[in-house]
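A.B. asks: Here it is: the structure, laid out below.
The values are calculated or read from the model by the stated rules, or taken from the named source; none is laboratory data. Please read these numbers as outputs of a predicted model, since none were measured by experiment. Virtual Cβ from ideal backbone geometry, glycine too; neighbours counted across all protein chains shown.
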């Protein structure tokens, strides 16, 4: 007698949990697993005497249909479209078929949202970052194009570091190239040529006139 009473209390609690269970923040797979665990526990505590196989078959049909409805009704509202399709269909789906359809819909949405997220990230990465240089204004010299921290009037050394000498001219490269359309002469070759020409000039100066 005590065991029967304890079984009823357990069945009542399980039924209460099953009918109140909702997906919420769970994935479709986790929500279905939670329901399935409760159903298996209910089956374990069920004690129904069957008079004939037909009664058992009818009971199983009704039970599985009830579980389909419980699963669908517990889903979040964003699954309303596929839920309506299944309920209004003329076909009879098992709980496994219904779960597979809903889970496939969830995966499709995750893939779609993932693509959108990648597109948005790519758009953000292509967008200009920072303040446009033309809109910057120095509070010292009142000129556009730079801020006070980079004002050459206050920090002339920064002017030199940007590739200009103190005279305002760009420094000559150590390897200046002269191009005539066919090739280039390096600074070292120019020095050698000047040294050679100097020797010629000296030689001519030492040679007495005829």
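A.B. asks: Taking the condition loosely packed, with under 10 Cβ neighbours inside 10 Å, assigned by TED's automatic domain parsing to the domain that holds residue 69 and on the phi < 0 side of the Ramachandran plot, does residue 51 pass?
C.D. replies: Against the criterion (loosely packed, with under 10 Cβ neighbours inside 10 Å, assigned by TED's automatic domain parsing to the domain that holds residue 69 and on the phi < 0 side of the Ramachandran plot), residue 51 qualifies.
A.B. asks: Same structure again: Within the range 57-73, can one find any residue that is without any contact (Cβ under 8 Å) to a residue 40 or more places away in the chain, assigned by TED's automatic domain parsing to the domain that holds residue 110, surrounded by fewer than 16 Cβ atoms within 10 Å (Cβ to Cβ) and not in a helix (DSSP H, G or I)?
C.D. replies: no
A.B. asks: Continuing with the same structure: Can you name the residue in the range 17-53 that is assigned to a helix (DSSP H, G or I) and over 43 Å from the mean Cα position of the chain (by Cα) and is also nearest to residue 110 (Cα to Cα) among such residues?
C.D. replies: Among them, the one singled out is 43.
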